[in-house]
Every structure is written in C-alpha cells, then in structure tokens.
Amino acid sequence: MELTRRQFGLGFLGTGLALGVAACGGNPASLATSTLAPTSARATGQLRKYTLNAKATRVDLGGRIVDTWAFGDTIPGKPLRATAGDRVQVAFSNDLPMATSVHWHGLQILNAMDGVPGVTTPETPAGGAFAFDFVVPNAGTHWFHPHHGLQMDRGLYAPFIVDDPAEPGSYDHEWILVLDDWTDGLGQSPEQIMAGLQTSTGSGSGGMGGMNMGGMSGMQGMDGGDVTYPAYLINGRMASDPDTLAAKPGQRVRLRIINASADTIFTIALDGHDLNVTHTDGYAVKPTTTQVLRIGMGERYDAIATLGDGVFTLAAQPYGKQGLARALIRTGGGAVPKASYRPSNLDASPLTFDALQAAPGTALPAASPDTTQDLVLAGSMAPYTWTINGATYDQTTPLTIKAGQTGRLRIVNQSMMSHPIHLHGHSFQIGDAGGTGPRKDTVLVPPMRGVNVDLLADNPGKWMVHCHNAYHAEAGMMTRLDYAT
Ligand SMILES: [Cu+2]
C-alpha cells in the first residue's frame with residue numbers, strides 16, 4: 001500500500017507518462033476524423049491506451065479492511081492521464097457480479113462514449129467488456145465512476161487528469177486528493193440505505209450507515225445530506241491512518257481536489273495555510289485566495305499552497321455531519337497531529353463558486369441565449385422523492401437545444417438542501433455567456449436559491465443533467481438535455 005500511496009500522491013510533473021499505467025504514443029495523422037463530428041472528435045495529440053477493470057476486491061481503509069467494488073485493487077483507482085487533444089482508448093472489463101458502466105465526469109467527449117446506459121452507451125454486463133475510444137478536448141481535473149444505480153457509493157471511482165499543453169504549471173508537486181463518504185463493509189450497503197430512505201416515515205434512525213438526522217432536520221433548514229456515514233476518506237484512507245504527502249518547506253504544491261462522495265459536501269482547509277484557487281472543474285479562474293473552500297459532490301477545485309515547515313493537517317469536514325477526513329503534509333520534523341485535530345481555518349467563511357471569476361480567455365463566446373429553460377429542483381424526505389421540473393426521471397420531459405445555440409438554464413432550488421447539478425458533455429458559465437462567472441460543469445446550488453448558467457451547444461447528443469447526490473439521482477432527480485435536429 002505504501003508504494004501505491006506514494007505513487008498516487010507524489011509529483012506527477014510533466015506528461016503523466018510516469019504513472020505506471022500503460023500508455024503509448026501514436027501517430028496523430030493516422031487518427032480518424034469526421035467533418036461532421038463535434039469539437040470533441042478531433043484528435044491533435046497522442047494516442048493513449050489504457051486498460052481498466054471493475055472488480056470485487058478487498059481494500060484497507062487504514063486499519064479497517066473491507067470488501068468492496070473498485071477499479072483495480074485500490075481506492076481511488078489509478079489515475080488515468082492524457083493531454084488535451086489526445087485520443088484515449090480504454091479497454092474496459094467488468095468482473096463485477098452485475099452490469100456496470102463508466103461515465104467520464106467532466107470530459108466533453110462523444111455522446112456515444114459518455115457511459116450512461118439506456119441513453120448513450122450500452123451497459124457492460126457482468127463478465128463483459130467495452131472498448132472506449134474518444135478524444136479529450138478539455139484539460140483539467142476530472143474523474144470517472146459508474147452511471148449505474150448506487151454503484152458510485154462503493155469504491156468505483158478514480159481521477160482522470162487532462163493536462164493543458166498551454167499551461168506552464170509553476171509548482172513543485174502535484175497531489176490529487178479524492179474525498180469520499182464510506183459505508184461499504186462498515187455500515188449498511190448503499191442499497192440498504194436507499195431502502196431505508198424510501199420506507200422512512202420521516203422519523204429516521206440516524207444510525208451509522210443509515211439516515212442522517214441532519215438530513216431530516218434539513219426539512220427545517222439544515223443542509224447536511226441524507227445519509228450518515230461510518231467513515232470519511234481522503235485518497236481511500238481514514239483519518240486514523242492518513243495518506244501522507246512529502247515536500248520541502250517553501251515548495252509550491254498544486255492540489256487537485258475531487259469530491260467523489262455520494263451524499264457529502266466537504267469543507268476543506270490546510271492547517272496554517274491559505275489556498276490559492278486556480279481552477280474549478282478544469283477551467284482556470286482568476287487566482288483567488290481563501291482559507292477554506294466548500295466542494296459539492298462531483299465538483300473539482302485546483303488550488304496552490306506554498307508550504308511551511310512542519311507536519312500539517314489537510315482536513316475535510318463533512319458539511320452538516322459528524323466526522324473528519326484528513327491527509328498529512330510533511331515538510332520537516334514535528335509531531336503528527338491527532339486524528340481528531342481540527343484546523344481552526346475550517347471555521348473561516350468558505351469559498352464557493354460565487355467568489356470566482358473566469359480567467360482571461362476562459363469565458364464562453366458572448367451571446368444572448370437562443371433558448372432559456374427552467375430547472376426547478378424540489379423533493380421530500382417522506383416519501384423519498386427528488387424531482388426536476390416536478391418530475392422524476394422516468395416521467396421527465398427533456399430540455400432541448402439545437403447545435404450551435406447558446407442555452408440558458410435557470411436553476412431554481414425550491415428545497416432546503418444543496419444540490420450539485422451536473423451537466424454531461426459540456427461546461428456552462430455561471431451567469432452570462434461571455435460574462436465574468438467561472439466555467440464549470442457541476443454547480444452546488446444552495447437551498448432556496450437560483451443560479452443561472454449559460455452553455456454552448458457544441459457537442460450533439462442526449463446528455464444527462466442531474467443532481468450528483470447518488471441517492472437523489474436514484475430517487476429521480478435527473479433529466480436530459482437533448483439536441484433537436
Ligand atoms: Cu440533490
């Protein structure tokens with residue numbers, strides 16, 4: 001585990017070929033292109049070949065050994081890596097006891113490769129295989145996970161990092177930090193949790209790996225998710241045996257933070273350090289300094305920290321829940337803080353997308369929207385139903401757009417919980433296209449608030465638009481954006 005964790009955490013400088021994952025060069029001139037294909041189909045870089053295996057395995061969370069499902073034998077799975085413009089072929093095999101799928105979260109790839117069974121890509125049956133083949137047009141900190149029931153609340157997640165050849169990257173280390181809420185093998189199974197939510201009368205048990213009392217009181221204005229988890233993890237480790245990342249005092253590190261949780265928003269801070277946020281969901285923002293940031297499920301933030309001398313806790317507090325996840329950053333001597341140690345900057349006012357502006361050159365082309373559509377978020381705990389525009393997914397009327405149009409989504413949250421709303425295959429800009437808001441693909445919409453986003457319809461197909469709370473999505477909080485011809 002030690003070697004794996006070191007490989008995982010340390011120093012992916014340069015092209016990412018040092019990952020120990022199969023990758024090989026290819027001749028861009030030989031890659032197929034089509035004049036009808038969207039931006040995402042044009043390869044300008046290398047061909048990279050990877051293998052990926054979903055399987056039942058046993059992992060050590062840091063003193064607690066659990067049986068779970070994962071990509072390979074680690075959680076998170078090994079990162080995949082490419083450079084924007086590369087063609088990526090992933091030979092995927094499914095050794096799980098049931099069908100699954102792989103969705104490439106944040107990659108604006110061809111619709112047929114998006115990994116949503118019944119909409120874009122066939123599911124891969126137990127024992128089956130699927131050959132993914134796509135071009136990655138957009139750089140950034142991305143990841144992948146199943147789009148299949150509640151499988152994401154097991155260990156099936158891994159980073160997908162896409163480097164930007166135009167970005168200098170002035171930092172000494174790059175560390176990927178994947179946050180997760182964990183129940184599999186410690187508490188109830190995701191399916192048991194869902195069954196409990198669906199049969200609840202609203203009183204709730206509040207037990208470990210069960211209903212979250214905070215979620216129940218969420219009806220009165222709190223906002224802590226629907227599920228209580230026995231453990232919270234950074235890079236697959238509990239706080240009692242954390243991932244430890246090494247550097248030298250004064251070095252600059254780029255943190256690539258991914259929230260792979262099913263039901264947990266995290267507040268994250270590095271003890272004694274500011275975080276200089278540089279990207280969200282892969283898009284550059286005007287660098288913005290904060291003591292602490294809040295990250296919803298499916299969101300990604302990149303931040304630079306300049307390290308002091310000592311041993312520092314990087315803490316992730318599950319929002320509205322009890323518990324703590326942490327990693328350690330060691331640059332020198334000093335005692336290791338206790339697992340329960342809570343950096344004081346966790347209590348500072350957290351940065352969210354509101355505080356960010358698009359970096360120069362990252363705004364969408366300025367345009368007034370050709371179409372404006374509403375996305376009304378609502379739901380209830382008893383019965384356990386979550387809806388978009390008054391309908392669960394099986395009853396939904398998809399949003400529509402035409403290729404080339406600029407579309408506006410008016411997201412209105414009429415519930416007392418935050419919902420991370422994720423759009424597949426595209427980004428959007430918060431506020432006006434061409435304006436000052438950040439580009440993102442997942443936005444954490446606060447309770448009883450509205451957020452307008454504009455998108456450019458440059459990748460035809462049928463695309464999921466959904467809440468990235470796995471239990472909300474499963475309970476119906478999904479719709480689609482379908483291209484009309
Ligand atoms: Cu939700």
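Which one is nearest to A359 (Cα to Cα), of the residues in segment 407-429 that are more than 15 Å from the ligand (Cβ to nearest atom) and within 19 Å of the chain's Cα centre (by Cα)? Explain how you work it out, then say what you get.
Here is the first cut: in segment 407-429, the residues more than 15 Å from the ligand (Cβ to nearest atom) are 407-410, 424-429.
Of the ones still in play, those that are also within 19 Å of the chain's Cα centre (by Cα) are 424-429.
Values: H424: 22, G425: 21, H426: 18, S427: 15, F428: 14, Q429: 12 Å.
For segment 407-429, the residue satisfying everything is Q429.
Which ones in segment 370-406 are away from the ligand (no atom under 16 Å from the Cβ), closer than 15 Å to R480 by Cβ and of a type in the set (A, V, I, L, M, F, W, C)?
L399, I401
Residues in segment 387-397: is at least one closer than 23 Å to Q108 by Cα, out of contact with any strand residue (DSSP E or B) (no Cβ under 8 Å at 6 or more places or on another chain) and not assigned by TED's automatic domain parsing to the domain that holds E299?
No: segment 387-397 contains no residue that is closer than 23 Å to Q108 by Cα, out of contact with any strand residue (DSSP E or B) (no Cβ under 8 Å at 6 or more places or on another chain) and not assigned by TED's automatic domain parsing to the domain that holds E299.
Look through segment 80-111, keep the residues that are out of contact with any His (no Cβ under 8 Å at 6 or more places or on another chain), over 23 Å from G169 (Cα atoms) and not in a strand (DSSP E or B), and return whichever of them is most open to solvent (accessible area, probe 1.4 Å).
The selected residue is P97.
Given the structure, is A358 under 28 Å from D309 (Cα atoms) and among the small types (G, A, S)? Quick ask: steps written out before the conclusion?
Numbers: under 28 Å from D309 (Cα atoms): no; among the small types (G, A, S): yes.
Against the criterion (under 28 Å from D309 (Cα atoms) and among the small types (G, A, S)), A358 does not qualify.
Looking at segment 100-111, can you tell me whether even one residue there is among the aromatic types (F, W, Y), within 14 Å of the chain's Cα centre (by Cα) and at pLDDT 95 or above? Spell out how you get there, then give the answer.
So in segment 100-111, the residues among the aromatic types (F, W, Y) come out as 104.
Keeping just the survivors that are within 14 Å of the chain's Cα centre (by Cα) gives 104.
Going one step further and asking which of them are at pLDDT 95 or above, we end up with 104.
Yes, segment 100-111 contains a residue that is among the aromatic types (F, W, Y), within 14 Å of the chain's Cα centre (by Cα) and at pLDDT 95 or above.
Among the residues of segment 476-485, how many are open to solvent by less than 10 Å² (accessible area, probe 1.4 Å) and not hydroxyl-bearing (S, T, Y)?
Step one: list which residues in segment 476-485 are open to solvent by less than 10 Å² (accessible area, probe 1.4 Å), which gives 476-477, 479, 481.
Narrowing further to those that are not hydroxyl-bearing (S, T, Y): 476-477, 481.
Final tally of qualifying residues: 3.
With D432, D454 as the choices, which residue is away from the ligand (no atom under 16 Å from the Cβ), open to solvent by 20 Å² or more (accessible area, probe 1.4 Å) and either under 20 Å from A358 (Cα atoms) or of a type in the set (S, T, N, Q) (or both)? Explain how you work it out, then say what you get.
On the way: D454 fails: open to solvent by 20 Å² or more (accessible area, probe 1.4 Å).
Just a single option satisfies the conditions, and that option is D432.
List pairs: first in segment 470-484 and modelled with pLDDT of 95 or more, second charged (D, E, K, R), Cβ under 6 Å, 6+ apart or cross-chain?
Matching pairs, first to second residue: A470/D153; Y471/D226; Y471/D263; R480/K462; D482/K462.
Would you mind stating whether V465 is assigned to a strand (DSSP E or B), under 20 Å from the mean Cα position of the chain (by Cα), away from the ligand (no atom under 14 Å from the Cβ) and of a type in the set (A, V, I, L, M)?
Working: assigned to a strand (DSSP E or B): yes; under 20 Å from the mean Cα position of the chain (by Cα): yes; away from the ligand (no atom under 14 Å from the Cβ): no; of a type in the set (A, V, I, L, M): yes.
Against the criterion (assigned to a strand (DSSP E or B), under 20 Å from the mean Cα position of the chain (by Cα), away from the ligand (no atom under 14 Å from the Cβ) and of a type in the set (A, V, I, L, M)), V465 does not qualify.
Quick one: would you say G77 is outside the structural domain of P460 (by TED's automatic domain parsing), in contact with a strand residue (DSSP E or B) (Cβ under 8 Å, 6 or more places away or on another chain), at positive phi and modelled with pLDDT of 95 or more?
Working: outside the structural domain of P460 (by TED's automatic domain parsing): yes; in contact with a strand residue (DSSP E or B) (Cβ under 8 Å, 6 or more places away or on another chain): yes; at positive phi: no; modelled with pLDDT of 95 or more: yes.
No.
Can you name the residue in segment 326-349 that is touching a Gly at 6+ places or on another chain (Cβ under 8 Å) and assigned to a loop (DSSP other than H, G, I, E, B) and is also surrounded by the most Cβ atoms within 10 Å (Cβ to Cβ) among such residues?
P343
If you check F134, F130, which single one turns out to be farther than 28 Å from A475 by Cα, modelled with pLDDT of 95 or more and in a strand (DSSP E or B)? Show your work before the answer.
Numbers: F130 fails: farther than 28 Å from A475 by Cα.
None of the other options fit; the residue is F134.
The values are calculated or read from the model by the stated rules, or taken from the named source; none is laboratory data. Just so it is clear, the structure is predicted and the values come from calculations on it, not from any experiment. Don't worry about glycine lacking a Cβ; one is built from the backbone with ideal geometry, like all the others, and counts go over all protein chains shown. The area values use the complete protein model at the heavy-atom level, side chains included, leaving out ligands, DNA and RNA. Shrake-Rupley method; radii C 1.70, N 1.55, O 1.52, S 1.80 Å.
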